[in-house]
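To start, the structure itself, in structure tokens.
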Ligand code: SF4
């Protein structure tokens with residue numbers, strides 16, 4: 001059962017069309033990492049084909065004022081969450097550290113494992129970080145009234161609609177469309193997606209790394225975080241983790257002379273197994289990644305249909321190909337993230353960062 005009760009798509013297409021037609025609004029759009037290797041399927045392109053350039057071009061033709069990438073904020077999430085993990089690991093407190101970028105997983109935790117909520121990262125998800133930055137830093141840099149900025153997120157799942165409306169996050173993101181909903185808008189406008197010339201994301205909130213792109217598949221958040229954590233703590237590059245695609249995956253990484261044990265839970269049933277061990281005091285893990293959807297966001301409920309394990313593997317390989325294509329691969333090397341800290345946030349976990357980029361969770365009995 002979907003933990004957010006978001007099995008059906010409550011469409012926000014009409015809201016987005018209205019915003020695009022409203023001259024008083026400056027409408028920015030962000031696309032989640034996984035969409036780059038899934039959207040093509042809606043237009044007859046093989047699963048796993050990278051369509052980032054066509055995606056950017058189609059969004060401009062729909063009329064968005066700026067076309068940005070959630071991947072930028074995935075790099076920002078790594079800066080905040082990676083440093084949060086370093087603090088916890090060095091102080092041996094609030095361990096294991098558990099990721100919190102998947103709203104399906106967070107709600108499951110709030111219902112069933114609320115005694116472990118302090119172990120969740122307080123970092124907002126990339127979607128919500130992006131939206132907060134678009135209405136603060138971006139508004140300031142461009143001299144646009146933040147009240148007029150309308151932020152649309154293209155996401156792999158309906159659970160992100162639930163995240164948008166959480167009382168802790170309300171106001172960050174104005175509308176969420178799934179991959180399938182965006183495809184409907186592109187088709188409605190008669191845009192020939194498959195033959196579009198590639199275009200780039202807009203600057204400032206569009207620059208991103210390979211680390212951010214692999215957020216869209218299982219194990220990606222862990223690998224991205226450890227690339228930054230290891231380099232910050234011992235100055236050495238992270239080797240391959242060699243993670244598989246299903247079940248519970250684990251790895252041990254040596255960082256600054258100490259072993260860091262990580263686990264990746266594919267789906268909530270596997271998360272429950274790991275968390276029961278944590279509860280019982282038998283867990284050896286320091287860092288746990290949980291994604292509600294088996295295989296991560298490439299298998300999200302808003303992605304193109306049909307899907308299968310083979311299709312999800314192709315989508316994941318597409319994201320891995322971007323990571324290995326020669327672009328910058330570490331979040332802390334993203335030049336726009338470096339500039340964001342220099343100009344605005346000052347340092348990870350600063351007071352300003354906490355105010356804009358961190359959140360809290362609530363024990364839930366119902367809803
Ligand atoms: Fe959404 Fe599934 Fe990704 Fe979680 S794992 S953010 S529920 S697509």
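Each reported figure results from applying straightforward, stated rules to the coordinates on display, with no laboratory input. A quick note: this is a predicted structure, and the numbers were derived from the prediction, not measured. Every residue, glycine among them, receives a Cβ derived from its backbone with ideal geometry; neighbour counts consider all protein chains shown.
Summary table
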item: Calculated diffusion of the chain, Stokes-Einstein form, Kirkwood radius summed over Cα pairs, 25 °C and 0.890 mPa s, µm²/s; result: 121 µm²/s
item: Burial ordering of 189, 155, 129, fewest other beta-carbon atoms within 10 Å first; result: 189, 129, 155
item: Stokes-Einstein diffusion coefficient of the stretch 150-209, Kirkwood radius over Cα pairs, 37 °C, 0.692 mPa s, in µm²/s; result: 242 µm²/s
item: Per-pair calculated FRET efficiency, R0 = 41 Å: residue 248 and residue 22 via Cβ, rounded to 0.05; result: 0.30
item: Rg in Å to one decimal, and Dmax rounded to a whole Å, for the stretch 1-119 via C-alpha atoms; result: 18.7, 52
item: Among 33, 156, 348, residue whose mean-square fluctuation peaks in a GNM of the chain (springs only between Cα atoms under 10 Å); result: 348
item: Inter-probe distance in nm under a simple model that places probes 7 Å from Cα toward Cβ, at residue 92 and residue 346; result: 3.1 nm
item: Calculated over the stretch 19-64: convex hull of Cα atoms, volume per residue (Å³); result: 72 Å³
item: Within the chain, percent of DSSP bridges classed antiparallel, to nearest 5; result: 30 percent
item: nm² value of the averaged projected area, convex hull over the Cα atoms of the stretch 181-283; result: 10.5 nm²
item: Label-zone membership for the stretch 200-229, site residue 324, 7 angstrom Cα→C-beta point, backbone N under 20 Å; result: 209-228
item: Helical contribution to [θ] at 222 nm, DSSP H n ≥ 4, -39,500 (n - 2.57), averaged over the chain, rounded to 500; result: -11500 deg cm²/dmol
item: Alpha-carbon centroid distance for the pair the stretch 203-262 / the stretch 68-115, whole angstrom; result: 13 Å
item: Listed residues 233, 95, 349, most fluctuating in the chain (Gaussian network, C-alpha, under 10 Å); result: 233
